[in-house]
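The values are calculated or read from the model by the stated rules, or taken from the named source; none is laboratory data. In this text, all values refer to a predicted model and were calculated from it rather than measured experimentally. Here the Cβ is made from the backbone with ideal geometry for all residues, glycine too, and neighbour counts use every protein chain on show.
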Amino acid sequence: MSYYILLRGSLGIGKSTISRELAKRLNAEYISIDFVLEKYGLDKVDPDAECIPAQNFNKAIGKILPEIKEKLANGKIAIFDACFYHKETIEYIIKNLVYPHYIFTLKAPLDVCIERDSKRKKSHGKDAAGAVHYLVSKFDYGTIIDVSKKNIEQTIHEILSYLPKLK
């Protein structure tokens with residue numbers, strides 16, 4: 001059964017780690033929107049808005065849609081990993097990928113995100129974590145999962161409980 005997952009949340013929340021592990025377990029296609037933005041030079045922050053504009057996210061996703069549609073048409077599962085701090089980007093994906101989908105918002109207090117980010121090989125820093133946390137927290141979308149007191153395995157288990165069982 002084809003479907004896709006959008007995993008959204010603040011910087012340092014664990015999206016990439018969880019998305020990659022889910023992709024392994026589900027034999028799914030993992031898509032890092034950060035990587036796609038960078039690949040096409042669309043990762044530029046808008047100085048007026050202090051974030052990457054929604055149109056850049058939508059352009060990046062538009063570049064990969066044909067490939068993702070083909071994979072979904074062939075029975076593959078796709079997992080999108082991004083902060084998704086623009087609601088219109090989520091809506092753009094839903095409009096253009098007419099397949100069953102599951103959206104999860106991972107949440108934790110800012111101090112948890114900052115602490116987790118600080119443990120990365122390449123930390124983004126407190127200011128970036130604060131800015132992204134603010135943007136992502138402006139709205140909730142999909143199933144909300146509080147990860148502040150959960151480890152990776154517990155979070156994955158909870159996400160899997162919402163997905164169709166593999167045959």
Tally, over the stretch 123-167, of residues that are surrounded by 14 or more Cβ atoms within 10 Å (Cβ to Cβ), more than 17 Å from residue 101 (Cβ to Cβ) and of a type in the set (A, V, I, L, M)
8
Of the conditions (1) free of Cβ contacts under 8 Å to residues at least 24 places away in the same chain; (2) of a type in the set (Val, Ile, Thr); (3) crowded, with 18+ Cβ neighbours inside 10 Å; (4) out of contact with any Asp or Glu (no Cβ under 8 Å at 6 or more places or on another chain), residue 45 fails just one. Which one is it?
(3)
So, in the stretch 130-153, how many residues would count as being in a helix (DSSP H, G or I), under 17 Å from the mean Cα position of the chain (by Cα) and modelled with pLDDT of 90 or more?
6
The stretch 154-167, subset free of Cβ contacts under 8 Å to residues at least 12 places away in the same chain and outside any helix (DSSP H, G or I), residue farthest from residue 49 (Cα to Cα)
167
Going residue by residue through the stretch 95-110, is there one that turns out to be free of Cβ contacts under 8 Å to residues at least 40 places away in the same chain and under 26 Å from residue 125 (Cβ atoms)?
yes
Counted residues, the stretch 27-57 - those being assigned to a loop (DSSP other than H, G, I, E, B), in contact with a strand residue (DSSP E or B) (Cβ under 7 Å, 6 or more places away or on another chain) and among the small types (Gly, Ala, Ser):
1
Restricting the stretch 1-26 to residues that are among the basic types (Lys, Arg) and part of a helix (DSSP H, G or I), the one surrounded by the most Cβ atoms within 10 Å (Cβ to Cβ) turns out to be 15
Of the residues that sit in the stretch 58-102 and are in a helix (DSSP H, G or I) and polar (S, T, N, Q), which one is surrounded by the most Cβ atoms within 10 Å (Cβ to Cβ)?
89
Log entry, pairs with first residue in the stretch 6-34 being at positive phi, second being modelled with pLDDT of 95 or more and in a strand (DSSP E or B), beta carbons closer than 9 Å, six or more apart or on different chains, reads 9/104; 9/105; 9/106; 9/107; 9/145; 14/106; 27/77
Residue check: is residue 92 among the aromatic types (Phe, Trp, Tyr) and modelled with pLDDT under 95?
no
From the list 116, 120, which one is loosely packed, with under 12 Cβ neighbours inside 10 Å, outside any strand (DSSP E or B) and not aliphatic (A, V, I, L, M)?
120
Out of all the residues in the stretch 1-58, which are more than 12 Å from the chain's Cα centre (by Cα), of a type in the set (Asp, Glu) and more than 17 Å from residue 157 (Cα to Cα)?
29, 38, 43, 46, 48, 50
